[in-house]
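Take a look at the structure below.
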Amino acid sequence: MVPKDLSYTNEHEWIRVEGGIGTVGITDHAQAALGDITFVELPPAGAAFAKGDELCAIESAKAAASIYAPAGGTIAAVNEALEDDPGRINSDCYGGGWICRLELSDPAEVGSLMDAAAYERFLAQEEH
């Protein structure tokens, strides 16, 4: 399941850009690899991040994982619903399981990310 309207990183984050705001989450591949997500450490609102900086951490029954900024910007919103229901990432990673929204400092940075077709090829290579 790789939605066509998103851009992807090779660390399995996705970003959906609307206006100058990028909504960020993890891919279906990432949530499946992590298993049942038990905790999300959300980034602080107003914090600034450069592309590639660690945004937050996710913990599951299997592992802990860092989530990286797919583009630089300032945290405009966080998905507070994840504090009470981190498993929402497992059940709806591309919808209600989003992690944060970034006010992008340079929306052109998203152009360097993979589109859906490139991400699908990346996943196929990673499995071999």
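Values for this structure:
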item: Cβ-based exposure ranking for 4, 51, 62, in which fewest neighbours within 10 Å come first; result: 4, 62, 51
item: Expected-Rg normalisation [2.2 N^0.38 Å, Cα atoms] applied to segment 7-126; result: 0.98
item: Per-pair calculated FRET efficiency, R0 = 35 Å: residue 128 and residue 50 via Cβ, rounded to 0.05; result: 0.65
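Throughout, read-outs are computed from the coordinates displayed, never taken from laboratory work. Since the structure is predicted, the reported quantities are computational estimates derived from the model, not experimental observations. Counting neighbours? That spans all protein chains shown, and the Cβs are built from the backbone with ideal geometry, glycine included.
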